[in-house]
Amino acid sequence: MGTWDYSVFWKETVSQFSSELTEQEFTMWFNMEYEMSEESSITVSVPSGFYRDQVKQRYQNRIEARLYELSGQHISINFDVKPRKKVENSSNSKEKESVHYNESNQVTQKPKVLSQKHTEISQKRTTHPQLRMEYTFSNFVIGENNSFAANAAIAIAKNPGKAYNPCLIYGGVGLGKTHLMQAIGNMAWTENESKIIYISAENFTNEFVESIKNNKTQDFKNKYRNADMLLIDDIHFLQKKDSTQEELFHTFNTLYDSNKQIIFTCDRPVSELKNLSERLRSRFERGLNVDLQPPTYETRCAILSKKTDARGVNIPQEVLNLVAKNISSNVRDLEASLTKLIAYAELTKKPVTLETAQQQLRDSFGAPKQNNVTIETIQKVVAEYFSLSFSDIKGKKRTKAISFPRQVAMYIAREITEYSTTELGIEFGGRDHTTVIHGCQKIEERLKAEPSLETTIQKLNKLIKDYNS
Ligand code: ADP
Ligand code: MG
């Protein structure tokens, strides 16, 4: 290993993907091992050329965008093909045969060769397969801003289905909703291994849609209606998703009637959700609704100390105070700054001083959040705006109802990001760059003829800008 070491950023990226992707998707594709860092790149090993091509197409841009968000610098990713020894049937042709795609290009079956790795990963993640093991109560700093929510959460974890059911935790981005919700799951899981399901509302929706497509709705219903505890994250995503709302309504009733604990999180109070059926809204409002507020200065200091201790690094208190003073919006940004300082300390093998902290965190301090818009954000916002799913926008379907929003998304991505048309093509379902150019031209033509489209695009730009703040 040379002077460069971006392994912390890599680890954090993988850990974030593990909580964002479905379990299946994660274990299937994040079978990459960190090898080394160079000045502006990371090399990871992958088990085969086929695997490399797939991962490149699916995740390269997203991983690089995440590395950029975390480190503030452009780190590209190289894939080194290294067949793994332990794996059986590792000839390339077999690998190809064992992966199956359905029409929407989604994997329907795990390749055999990866199943062994799959168990290794699950073992490493020790706790519950869908929960991040570091999201525990002991890692959650309680302050004035969150003590009510945290205490309610502890009560629920000790007494699921009885104390407060259902419970809805709401608050802005990066304030600890997911952490708290998963802490309940983790605690209940260690106390008695009941059937706990954690899923984002987005993945719940996608799974439901898939189940309809594959005539497997009964399996879907069985899975969710038989849970002992159901944790659904970010229910604001369900706005306008009528049939998913309907399905969740019935899931809710079944679980609620049998005293199973249900927990939701949302980025705003339920009363501010739009396009939500009244009966589902009334279910969300039942039980306990608690909010998380941004942490006070003291809490921010405490969070930083706790996180530095947990990572076994030594950063002077005055530096932590400086960070706490300057970054007040949310805990996620606070953590990102700390990660950056830790990486700096590890890289240079020098202690972090006030001066270096100032220098390293210049971009995050004071100035409003950087405009790191990812293609994924654009796709999500546009999909939601036109009441489509994320996979529709990225997918292959060419019906008019989908192509037009997709072209809008391409056009916006071309306007506001630095991605090339080739990269955009990859992100939009593996299309050729000429398709992207053509899509953008279509929108430009329509813009001349229809002034209302301009308004729509302005609205979308605003939604995209607000998406992460
Ligand atoms: P949200 O779901 O509200 O957007 P998360 O739960 O993902 O936020 O929290 C963002 C990050 O901040 C996570 O890494 C989480 O561990 C951390 N975090 C949030 N609140 C606290 C807290 N009170 N104590 C310690 N860490 C926290
Ligand atoms: Mg969250």
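The values are calculated or read from the model by the stated rules, or taken from the named source; none is laboratory data. These figures come from a predicted structure and were not determined experimentally. Glycine gets a Cβ as well: all are built from the backbone with ideal geometry, and neighbour counts include every protein chain shown. Heads up: the accessible areas ignore ligands, DNA and RNA and are worked out on the full protein's heavy atoms, side chains in. Shrake-Rupley method; radii C 1.70, N 1.55, O 1.52, S 1.80 Å.
The residues of segment 248-263 that are under 18 Å from VAL209 (Cβ atoms) and either within 16 Å of ligand 1 (Cβ to nearest atom) or open to solvent by 10 Å² or more (accessible area, probe 1.4 Å) (or both), listed by number, are PHE249, HIS250. Taking helices (runs of 4 or more DSSP H) as the structural unit, those lying wholly within segment 408-469 and holding at least 1 residues that are loosely packed, with under 12 Cβ neighbours inside 10 Å correspond to 433-449, 451-467. So ASN321 ticks every box in (1) open to solvent by 40 Å² or more (accessible area, probe 1.4 Å); (2) touching a Phe, Trp or Tyr at 6+ places or on another chain (Cβ under 8 Å); (3) not in a loop (DSSP other than H, G, I, E, B) but one. Which box is left unticked? Going through (1) open to solvent by 40 Å² or more (accessible area, probe 1.4 Å); (2) touching a Phe, Trp or Tyr at 6+ places or on another chain (Cβ under 8 Å); (3) not in a loop (DSSP other than H, G, I, E, B) one by one, ASN321 breaks only (2). Looking at segment 146-175, which of its residues are within 16 Å of ligand 2 (Cβ to nearest atom), open to solvent by 20 Å² or more (accessible area, probe 1.4 Å) and out of contact with any Cys (no Cβ under 9 Å at 6 or more places or on another chain)? Within segment 146-175, GLY172, VAL173 qualify. Count, please, the residues in segment 167-183 that happen to be over 19 Å from the mean Cα position of the chain (by Cα) and aliphatic (A, V, I, L, M). Residues flagged as over 19 Å from the mean Cα position of the chain (by Cα) and aliphatic (A, V, I, L, M) within segment 167-183 amount to 1.
Return the total of residues in segment 274-296 being among the aliphatic types (A, V, I, L, M) and closer than 15 Å to GLY176 by Cα. Residues meeting the conditions: 2. For beta carbons closer than 6 Å, sequence separation of 6+ or different chains, a first residue in segment 258-286 that is under 20 Å from ASN203 (Cβ atoms) and of a type in the set (Phe, Trp, Tyr) and a second that is part of a helix (DSSP H, G or I) and away from ligand 2 (no atom under 16 Å from the Cβ), the qualifying pairs are PHE284/VAL270. Within segment 298-347, the set of residues being small (Gly, Ala, Ser) and more than 16 Å from ligand 2 (Cβ to nearest atom) comprises ALA302, SER305, ALA310, GLY312, ALA324, SER328, SER337, ALA343, ALA345. Looking only at residues in segment 234-276 that are among the aliphatic types (A, V, I, L, M) and in a loop (DSSP other than H, G, I, E, B), the one that is modelled with the lowest pLDDT is LEU273. For LYS396, are the conditions met, namely being in a helix (DSSP H, G or I) and either touching a strand residue (DSSP E or B) at 6+ places or on another chain (Cβ under 7 Å) or open to solvent by 30 Å² or more (accessible area, probe 1.4 Å) (or both)? No.
Please tell me if GLU39 is over 30 Å from ILE303 (Cβ atoms), modelled with pLDDT of 50 or more, more than 16 Å from ligand 2 (Cβ to nearest atom) and in contact with a Ser or Thr (Cβ under 9 Å, 6 or more places away or on another chain).
For GLU39, the condition - over 30 Å from ILE303 (Cβ atoms), modelled with pLDDT of 50 or more, more than 16 Å from ligand 2 (Cβ to nearest atom) and in contact with a Ser or Thr (Cβ under 9 Å, 6 or more places away or on another chain) - is met.
Set side by side, the residues SER194, SER200 differ, and just one is out of contact with any His (no Cβ under 9 Å at 6 or more places or on another chain), within 16 Å of ligand 2 (Cβ to nearest atom), under 26 Å from ARG132 (Cβ atoms) and small (Gly, Ala, Ser), which is SER200. When the test is whether a residue is open to solvent by 20 Å² or more (accessible area, probe 1.4 Å) and among the aliphatic types (A, V, I, L, M), ILE199 does not pass it.
Looking only at segment 203-222, how many residues end up being open to solvent by 60 Å² or more (accessible area, probe 1.4 Å) and either within 16 Å of ligand 1 (Cβ to nearest atom) or within 24 Å of TYR135 (Cα to Cα) (or both)?
Kept after step one, since they are open to solvent by 60 Å² or more (accessible area, probe 1.4 Å), are these residues of segment 203-222: 209, 212-216, 218-219, 222.
Still in the running and either within 16 Å of ligand 1 (Cβ to nearest atom) or within 24 Å of TYR135 (Cα to Cα) (or both): none.
Matching residues across segment 203-222 total 0.
Residues in segment 15-73 that are part of a helix (DSSP H, G or I), more than 22 Å from GLY425 (Cβ to Cβ) and acidic (Asp, Glu): GLU20, GLU23, GLU69.
Please verify whether segment 193-202 includes one or more residues that are of a type in the set (Lys, Arg), within 16 Å of ligand 1 (Cβ to nearest atom) and under 24 Å from the mean Cα position of the chain (by Cα). No, the conditions are met nowhere in segment 193-202.
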